[in-house]
Amino acid sequence: MSEWPVNGGAGRPGAAPTGGGPAGPAPSGVDLARVALRAAREQARARGAAAQAKKQARRGGLRSGARADGRDPLPLGAAINRLITERGWETPAAVGGVMGRWPQLVGPEVAQHCAPQRYDEEARVLTVQCDSTVWATQLRLLAPQLVARLNQDLGQGTVRLIKVLGPGGPARRYGPLRAPGSTGYGDTYG
């Protein structure tokens, strides 16, 4: 079925001929009536949509009905999950959860001596600080198992490496008569 304008397109450039030429037979009365009915329906739909928008504007905008839709209030957890998903914060939020659940993931004994410090999202490296060199060595030996456990919990490939730091030395104390800009003992005489 072909569509034809109501007036047959007579007088317009590029319009289909109305005669029985090579383009096909002239539209019959039934075809013209279908085209006119379709155009009238589209105009009515447009007028109805405009009237509906005007009516809603008078009422003060859209209102929630009996069924749930996107405008209804959300529970706090659902709102936070939606925000995390929209912003692309899934991995940082999951790793932040690891920081809070560290004792459950590694056990209370390891958690007592080792604590997560930071997570590098680009390199996917979790840095852990231990309170003694013995625990740092123990955690280095457990690192592959811990990486597998974290990836199982967070999603595959979230943590590629665990960087284990030993205990930091005491803060360096300078004497009360230290010269500004000096580099230490060998800088005394020049």
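Our coupling estimate for the stretch 77-88, obtained by passing each phi through the Karplus curve with A = 6.51, B = -1.76, C = 1.60 and θ = phi - 60°, is x, 5, 5, 5, 4, 5, 5, 4, 5, 5, 8, x Hz, Gly and Pro reported as x.
A simple spin-label model places the labels of ARG41 and THR137 8.3 nm from each other, with each point 7 Å out along Cα-to-Cβ. The H on the amide N of GLN129, modeled in the peptide plane, is under 5 Å from the matching H of ALA115, GLN117, LEU165, each at least 5 residues off or on a different chain. Take the Cα of GLN52, step 7 Å toward its Cβ, do the same at ALA123, and the gap between the two points is 5.7 nm. Accessible surface computed residue by residue for the stretch 68-141, with neighbouring protein chains in place and a 1.4 Å probe, gives 66 Å² per residue.
Using a 1.4 Å probe on the protein heavy atoms, what percent of the accessible area of the stretch 101-148 belongs to carbon and sulfur? Each step should come with its number before you reach the end.
Numbers: 1530 of 2910 Å².
Percent of accessible area from carbon and sulfur atoms in the stretch 101-148: 53.
Here's how it looks for ARG124: its modeled amide H is under 5 Å from none belonging to a residue 5 or more places away or on a different chain.
Taking the Cβ-Cβ separation of ARG160 and THR85 as r and a Förster radius of 25 Å, what is the calculated FRET efficiency to the nearest 0.05? Before the final figure, lay out the partial values.
Values: r = 24 Å, r/R0 = 0.94.
Calculated transfer efficiency: 0.60.
The values are calculated or read from the model by the stated rules, or taken from the named source; none is laboratory data. What you see is a predicted model; the values in this text were computed from it and never measured. In this analysis, Cβ positions are derived from the backbone assuming ideal geometry, glycine residues included, and neighbour counts consider all displayed protein chains. Heavy atoms of the whole protein, side chains included, go into the accessibility calculation; ligands, DNA and RNA do not. Shrake-Rupley method; radii C 1.70, N 1.55, O 1.52, S 1.80 Å.
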